[in-house]
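Encoded as structure tokens, the structure appears first; notes follow it.
The values are calculated or read from the model by the stated rules, or taken from the named source; none is laboratory data. Quick caveat, the model's predicted, so the values are computed rather than measured. Methodologically, a virtual Cβ is constructed for each residue, glycine included, from the backbone with ideal geometry; neighbour enumeration extends over all protein chains shown.
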Amino acid sequence: MMLGKCIGMGSSCEVYEWGGDDKVVKLFHSNTPPEAVQLEYRNCSAAWESGLPSARPFEQVIWEGRHGIIYGKIVGETFLKRIFEQLYSFREIDFSEADSDLRKFARVLNDIHKGKVLGIITEQIEHLKAIIGRPAEFTDDEISSIHAYMDHLPVKRQLCHGDTNPGNLLLRNGTPVMVDWMHASLGNPAADVAEVCVMIEYAVLSPQTPSDVIEFFEAWRKVAYNIFVDEYCKLSGVTEEEIRAWYIPAAARSIASGALSGEQIAKLVSMIRDHLCNAQN
């Protein structure tokens, strides 16, 4: 079997066409532990077999020394790409639009959180602590405070995706499909929702972005947040306050990803410090 063209790139992998039009291979970087690849394969298999909106995993492979997973190909656009298309076309978003992308995003997360899946056993809090690690932006005392804060968050045992970046949600023929289940866990679904909200509220567009697009985005993000939270809370019964309680770990996880600009990291660090200060008073 030969690799086809590269059709996607992430922080830990590249995705290539594989053996025709209906499959792809996700090849992980050589520094990705084999145990992490095995975990993603197991989690994706569990999600697929339970009927959740996910790509079908076929098998694990090793290609030129790199671990990989063969998936069914999902033909569609990521929600992240659709967001940028909307921004650059200056397309206003309507709060009352019942079938907007943001409401679809909230619905698919709610469906995942209500899912009953055998085989996903990762504990959310400990897994989050491991992902967050010890970012250089924080002192040892601040990291200890973040961990202590997380230990007091409400414990639940619901299925959580664990990596709700809109680049991991594709729209195929109008139907959302969630990919990248490596960080799926049992825990509090408000963490998944908070990750999206933090991205909306604190995202920083690249310096090359035209000023009129940035201005439009600043107005857009307020409406986007309200639409997303309105739909999720309405469906789930979770409150906005419960979601915002997870901003500290959601922001710390984003910082640890290594994918953010210095400006965005500075905003998130400031937010975390303010939230910790308020929590301690």
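Observations, loosely collected:
- Selection of the range 192-214 for residues being more than 23 Å from Q124 (Cα to Cα), among the β-branched types (V, I, T) and without any contact (Cβ under 8 Å) to a residue 60 or more places away in the chain yields T209, I214.
- Selected residue (criterion: surrounded by the fewest Cβ atoms within 10 Å (Cβ to Cβ)) from residues of the range 104-141 that are outside any helix (DSSP H, G or I) and of a type in the set (V, I, T): T139
- Failed item in (1) outside any loop (DSSP other than H, G, I, E, B); (2) surrounded by fewer than 19 Cβ atoms within 10 Å (Cβ to Cβ); (3) of a type in the set (V, I, T), with T32 passing the rest: (1)
- Candidate set from the range 147-168 (those that are within 20 Å of the chain's Cα centre (by Cα) and part of a helix (DSSP H, G or I)); member that is modelled with the highest pLDDT: M150
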